[in-house]
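Colleague: For reference, the structure I am asking about is given below.
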Amino acid sequence: MAYAYDNENIFARILRGEIPCDKVLETDHALAFRDIAPKTPDHVLVIPKGAYVTWDHFAAKASDAEVADFVRAVGKVAQMVDAAPGDGKNGYRLISNAGTDGVQEVPHLHVHVLAGRPLGWMIRPG
């Protein structure tokens with residue numbers, strides 16, 4: 001499958017330093033920053049630095065180093081927002097939307113780390 005990456009999407013522009021962000025974490029292959037329209041008290045986006053559109057694109061084309069670094073960055077962010085379950089913490093949710101049916105708004109892979117309040121059902125039954 002061919003993936004059309006838009007070099008002018010907002011996350012590409014953030015990575016190039018053209019648009020500022022509220023940085024939470026930066027690694028060799030990932031950048032995490034607070035969402036500008038948070039849906040929960042703790043809402044952080046984690047993006048790979050490479051030009052990947054969706055999770056399946058990333059899984060197919062990213063190097064082992066990129067995959068390991070990105071996955072670890074997502075886990076680190078969950079710990080940094082103090083949401084990892086245990087020791088009185090109540091957890092978090094990870095969301096990565098892909099394509100039109102997945103309601104992906106920015107054509108650059110990103111994982112939402114959502115925490116800080118009960119999130120309800122992922123999808124309502126029925």
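Bear in mind these aren't lab numbers, they're just calculated from the coordinates by the rules spelled out. Every value quoted in this text rests on a predicted model; they were computed, and no experiment measured them. FYI the Cβ positions are ideal-geometry reconstructions off the backbone, even for glycines, and counts take in every protein chain you see.
Colleague: Toward the positive end of the charge dipole of segment 10-115, about the Cα centre and with charges on Cβ (Lys, Arg +1; Asp, Glu -1), which of GLY75, CYS21, HIS108 goes farthest?
Modeller: Comparing the listed Cα positions along the dipole, CYS21 ranks first.
Colleague: Using 0.36 nm per residue, how much length does the chain from VAL106 to SER63 gain when fully extended, once their Cα-Cα distance is taken away?
Modeller: Details: separation 43, 0.36 × 43 = 15.48 nm, distance 2.22 nm.
Stretched fully, the VAL106-SER63 segment lengthens by 13.3 nm.
Colleague: If you don't mind, another one. For segment 10-115, with only Lys/Arg (+1) and Asp/Glu (-1) charged at the beta-carbon, what is the dipole magnitude about the Cα centre, in debye rounded to 20? Spell out each step's value before the answer.
Modeller: On the way: 11 positive and 14 negative charges, 22 e Å.
Using only the charged Cβ atoms, the result is roughly 100 debye.
Colleague: If you average the C-alpha positions of segment 1-57 and of segment 72-97 separately, how far apart do those two centres end up, in angstrom?
Modeller: 18
Colleague: Going by a ≥ b ≥ c, the root eigenvalues of the Cα gyration tensor, does segment 10-115 fall in the rounded group (a/c under 1.5), the prolate group (a/b larger than b/c) or the oblate group?
Modeller: Details: a/c = 1.44, a/b = 1.36, b/c = 1.06.
Rounded is the answer for segment 10-115, as its axis ratio a/c remains below 1.5.
Colleague: Once amide H atoms are placed 1.01 Å from N in the peptide plane, what residues at a sequence separation of 5 or more from ALA30, or on another chain, have their amide H within under 5 Å of its amide H?
Modeller: Sorted by chain and number, the residues that satisfy this are LYS49.
Colleague: Then there's this: Based solely on its DSSP helices, what 222 nm [θ] is calculated for the chain when runs of n ≥ 4 H residues each add -39,500 (n - 2.57) and the sum is averaged over all residues, nearest 500 deg cm²/dmol? Numbers along the way, then the final one.
Modeller: Details: 3 runs with 30 residues, N = 126.
That calculation yields -7000 deg cm²/dmol at 222 nm.
Colleague: Within a 10 angstrom radius of the beta carbon, how do LEU94, LEU15 rank from fewest other beta carbons to most? Present the calculation step by step, with values, prior to reporting the outcome.
Modeller: Numbers: LEU94 14, LEU15 19.
Fewest-to-most ranking of LEU94, LEU15: LEU94, LEU15.
Colleague: Something else about it: In percent, what relative contact order does segment 10-115 have, based on Cα pairs under 8 Å that are 6 or more apart in sequence? Display every interim value, and only then the final one.
Modeller: Values: 168 pairs, mean separation 32.5, N = 106.
Over segment 10-115, the number comes to 31 percent.
Colleague: Pick from GLY116, GLY86, GLY17: which is most flexible by mean-square fluctuation in a GNM of the chain where alpha carbon atoms under 10 Å apart are linked?
Modeller: The residue with the greatest mean-square fluctuation here is GLY86.
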